[in-house]
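Peer 1: Got a structure for you, written out below as structure tokens; questions coming shortly.
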Amino acid sequence: MNKSLTMAKTNFKLAKTPLVLTLLFVGANLINQIIMLNIDGVDSGMVSTGNIFILYAILIALFIPLSYFRRLISLGIKKKIFFRGTTLTYIITAVILAIINIIIYYIETAIVGDRPFLYMNILNVFNWFQHGVIGCFLYQFTFYILLMNFINLLAISNDGLGGWIISAVAVTIISVSTPIKPLRNAFAAFLQALLFNPNLFLQILYTIILTTIMAYATRYFIRRKSL
Amino acid sequence: MTIECKEISKNYGNTKALNKVSITFEDRKIYGLLGRNGAGKTTLLKIISGMIPQYKGKVVFNSLELVRGAMPGDVFFVEDKIRHFNKPASELFEIAERFYPEWDCEFTETAIKAFDLDVTRPVRKLSLGMKTMISTIIALSCGSDAIIFDEPVLTYDPLVRERFYELLLYAYDKKPRTIIISTHLVDEVSKLCERIVILEKGRIRMDLSLEEINTKAYTMLGPAGDIEEAITGLNVINSEVHGNYKLATIFDKKQKDISPNISVEQISLQKLFIHLVGADKHE
């Protein structure tokens with residue numbers, strides 16, 4: 001656990017580029033929000049700054065496997081420590097992002113009040129507040145973990161046949177299920193179960209199952225990786 | 001740490017990189033691994049380090065079999081093709097240090113001074129040799145029970161090579177451990193190693209202590225007739241005829257009763273290596 005924690009801390013220290021990029025987008029969004037609040041544009045929309053922070057989750061899930069993995073191995077870090085530490089990195093990131101989003105949601109809704117423009121926040125879109133603040137935290141936490149693990153899996157497996165198959169399957173599922181109505185409905189039901197599930201327990205359960213499968217697949221690909 | 005390789009085989013397509021290699025690297029010994037390009041040295045070392053997970057056979061560390069795809073915790077692998085973060089060496093040492101509780105800070109300082117390494121410059125601004133120095137310092141400072149160097153001195157100038165050898169012996173004196181060095185600079189490693197392993201076409205050609213090599217590898221020079229008589233039944237790995245004289249390189253036990261017309265001389269490790277792995281050229 002100590003080495004995993006050290007690995008997680010190292011990942012966060014290294015991940016300056018994802019942080020800087022995210023902060024740039026956050027800054028740009030804040031400027032946009034300030035303008036919006038001052039012009040009161042009726043036909044315009046405002047995206048929550050908290051949601052922009054999710055970019056960080058996407059970026060570190062790309063940077064860690066694609067850019068840091070080989071370099072960390074060169075420093076003598078073992079695959080097992082890398083895998084455990086990276087998993088911990090994603091857990092910590094998910095917790096922080098969930099809290100940030102909740103805090104920013106309350107700040108923004110207080111500021112926006114009953115202004116006429118559209119306020120967009122995934123917490124509203126997915127109705128994640130339906131089970132209160134704790135529920136919102138859990139909905140988000142499991143979703144972010146799933147998202148990061150999915151990206152991490154695609155990135156870590158991209159140099160082998162297995163990885164290409166996973167990517168091809170993912171693309172095929174999305175592209176085939178979109179135009180064909182029964183498949184589209186099935187895909188929508190799948191997404192609903194993972195993202196909009198009114199039953200918090202079921203959503204958490206499905207997400208944990210899927211995340212665990214992805215984590216095992218990631219571990220498999222890391223182990224099979226020739227360096 | 002004792003490292004046992006049992007029947008290790010590895011193919012790259014139709015090419016057999018390793019063919020049922022069985023060898024034991026004993027605890028606290030320094031090994032020189034020699035072989036021509038493509039002999040399978042890097043493949044063997046990477047399999048031992050857990051860098052290559054697809055192979056046949058077993059790798060056992062202190063009686064514990066290496067799980068396929070895992071990297072042994074107490075083995076550090078250093079290669080010449082290194083990818084480092086573009087950070088100053090001091091930061092890289094800090095990162096590595098966090099993962100090794102037995103990190104030897106004093107040695108790190110000594111090595112930085114010996115290599116005259118600028119630890120404040122980012123890696124991108126360092127030469128290839130300096131990048132290798134960083135990995136070498138980490139390997140020797142981290143306290144691993146086994147260190148594997150794959151062509152560690154390839155990018156070093158002669159002065160740095162000497163310093164590397166000195167540091168290696170200094171680190172070994174501080175903490176004896178299993179060290180395997182793969183190199184083409186045969187005679188240079190002979191000063192360091194206790195045992196020499198020669199790989200040829202994916203097979204172990206020789207695995208002997210330096211002492212055994214010194215007693216078994218020699219040349220005999222003398223009149224061709226006397227030499228012919230003297231080498232009967234011996235393992236002759238090379239022979240050259242110069243007029244009436246013949247020079248035979250032997251890799252076998254020394255004969256006691258040799259004609260006084262024959263002069264016997266020990267040969268260098270490099271000569272032995274060339275004759276052993278280049279033997280097919282003369283046959």
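The values are calculated or read from the model by the stated rules, or taken from the named source; none is laboratory data. These numbers were taken from a predicted model, which means no experiment stands behind them. No Cβ is skipped: glycine too gets one built from the backbone with ideal geometry, and neighbour counts run over all protein chains shown. With ligands, DNA and RNA removed, areas are computed over all heavy atoms of the protein, side chains included. Shrake-Rupley method; radii C 1.70, N 1.55, O 1.52, S 1.80 Å.
Peer 1: Under Stokes-Einstein, with the Kirkwood radius over Cα pairs standing in for Rh, what whole-number D in µm²/s applies to region A:116-181 at 10 °C and 1.306 mPa s?
Peer 2: 109
Peer 1: Quick one: Kirkwood hydrodynamic radius for chain B, alpha-carbon pairs, angstrom, one decimal?
Peer 2: 20.5
Peer 1: Based on the alpha-carbon gyration tensor of region A:1-89, what equivalent-ellipsoid semi-axes (square roots of 5 times the eigenvalues) come out, in whole Å, largest first?
Peer 2: They are 37, 11, 9 Å, listed from largest to smallest.
Peer 1: In percent, what relative contact order does region A:35-165 have, based on Cα pairs under 8 Å that are 6 or more apart in sequence?
Peer 2: Relative contact order of region A:35-165: 42 percent.
Peer 1: With springs only between Cα atoms under 10 Å apart, run a GNM on chain B and tell me which of B:Leu44, B:Leu34, B:Leu247 wobbles the most.
Peer 2: It is B:Leu247.
Peer 1: With a 1.4 Å probe and every protein chain left in place, work out the accessible area per residue of region B:152-232 in Å², rounded to a whole number.
Peer 2: Counting only protein heavy atoms, the per-residue value for region B:152-232 is 44 Å².
Peer 1: May I pose another question? Accessible area per residue of region B:27-74 at 1.4 Å probe, in Å²?
Peer 2: 40
Peer 1: Considering amide H positions built from the backbone, and no H for Pro or chain starts, which residues 5 or more places from B:Met206, or on another chain, come under 5 Å of its amide H?
Peer 2: B:Ile198
Peer 1: Can you give me the relative contact order of chain B as a percent, contacts being Cα pairs under 8 Å and 6 or more apart?
Peer 2: This gives 21 percent for chain B.
Peer 1: How far apart, in nm, are the 7 Å Cα→Cβ label points at A:Val20 and A:Gln130?
Peer 2: Reported label-point gap for A:Val20 and A:Gln130 is 4.2 nm.
Peer 1: Determine the total buried accessible area between chain B and chain A, counting protein heavy atoms only with a 1.4 Å probe; round to the nearest 100 Å².
Peer 2: Heavy-atom accessible area buried at this interface is about 2400 Å².
Peer 1: Which whole-Hz couplings ³J(HN,Hα) result when phi for each residue of region B:140-151 is put into the Karplus expression 6.51 cos²θ - 1.76 cosθ + 1.60, θ = phi - 60°, listed in order with x for Gly and Pro?
Peer 2: Result, rounded to whole Hz: 7, 8, 6, x, 5, 7, 9, 10, 10, 10, 9, 6.
Peer 1: Okay, next question. For B:Asp157 and B:Glu194, what is the calculated FRET efficiency with R₀ set at 30 Å and r taken between the beta-carbons, to the nearest 0.05?
Peer 2: Taking R0 as 30 Å, the efficiency between B:Asp157 and B:Glu194 is 0.70.
Peer 1: For helix A:2-14, what angle does its Cα long axis make with the longest principal axis of chain A, in degrees from 0 to 90 and rounded to 10?
Peer 2: Roughly 60 degrees between the two axes.
Peer 1: Next question. Run the accessible area of the protein assembly as shown with a 1.4 Å probe and give the carbon-and-sulfur part as a rounded percent.
Peer 2: 60
Peer 1: Compute the accessible area of each residue in region B:28-56 twice, once for its chain alone and once with every protein chain present, using a 1.4 Å probe on heavy atoms, and list those whose area falls by at least 50 Å².
Peer 2: Buried by the other chains: B:Met51, B:Gln54.
Peer 1: B:Gln270 versus B:Thr2, label points 7 Å from Cα toward the beta carbon: distance in nm?
Peer 2: 3.6
Peer 1: Starting from the exponent 0.38 and prefactor 2.2 Å, build the expected Rg for the protein assembly as shown from its residue count and divide its actual Cα Rg by it.
Peer 2: Normalised Cα radius of gyration, the protein assembly as shown: 1.31.
Peer 1: Find me the longest stretch of chain A that has none of the exposed chymotrypsin sites (Phe, Trp or Tyr not before Pro), where exposed means in a DSSP loop (not H, G, I, E or B) with at most 16 other Cβ atoms within 10 Å.
Peer 2: Free of exposed loop sites, the longest segment is A:1-116.
Peer 1: Rounded to the nearest 0.05, what FRET efficiency is calculated for B:Tyr12 and A:Arg70 with R0 set to 22 Å and r the Cβ-Cβ distance?
Peer 2: So the FRET efficiency works out to roughly 0.60.
Peer 1: Pop out the Kirkwood hydrodynamic radius of region B:59-115 from its pairwise C-alpha distances, inverse of mean 1/r, in Å to one decimal.
Peer 2: 14.0
Peer 1: Could you sort the residues of region A:8-34 by number and keep only those whose accessible area is reduced by 40 Å² or more in the all-protein-chain setting relative to the chain alone, 1.4 Å probe?
Peer 2: A:Thr10, A:Leu14
Peer 1: Under 27 Å between alpha carbons: how many lysine pairs meet that in region B:169-251, if sequence neighbours fewer than 8 apart on the same chain are excluded?
Peer 2: Here the count comes out as 6.
Peer 1: Over region B:29-180, what is the relative contact order in whole percent, taking alpha-carbon pairs under 8 Å and six or more residues apart?
Peer 2: The normalised contact order for region B:29-180 reaches 31 percent.
Peer 1: Let me ask something else about it. Can you give the % of DSSP beta bridges in the protein assembly as shown that are antiparallel, to the nearest 5?
Peer 2: Taking every DSSP beta bridge within the protein assembly as shown, about 65 percent pair in antiparallel fashion.
Peer 1: Can you give me the long-range amide H partners of B:Ile179? Hydrogens built in the peptide plane at 1.01 Å from N, cutoff under 5 Å, separation of 5 or more residues or another chain.
Peer 2: Amide H to amide H, under 5 Å and 5 or more residues apart or across chains, B:Ile179 pairs with B:Lys29, B:Ile30, B:Tyr31, B:Ile147.
Peer 1: Based on Cβ point charges of +1 for Lys and Arg and -1 for Asp and Glu, what charge dipole magnitude is obtained for the protein assembly as shown about its Cα centre, in debye rounded to the nearest 20?
Peer 2: Approximately 1360 debye in magnitude.
Peer 1: Now a separate question. So what's the net charge close to B:Thr178: Lys and Arg +1, Asp and Glu -1, counting the other residues with Cβ under 12 Å from its Cβ?
Peer 2: That works out to -1.
Peer 1: Solvent-accessible area per residue for region B:86-150 at a 1.4 Å probe radius, Å²?
Peer 2: Heavy-atom SASA per residue in region B:86-150 reads 40 Å².
Peer 1: For region A:190-227, which residues drop by 50 square angstrom or more in accessible area between the chain on its own and all protein chains together (1.4 Å probe)?
Peer 2: Checking the loss per residue gives A:Arg223, A:Leu227.
Peer 1: Hey, another quick one. Skipping prolines and chain starts, which residues have an amide H placed within reach, meaning under 5 Å, of the one on A:Val47, given they are 5 or more residues away or on another chain?
Peer 2: Here A:Met120 satisfy the definition.
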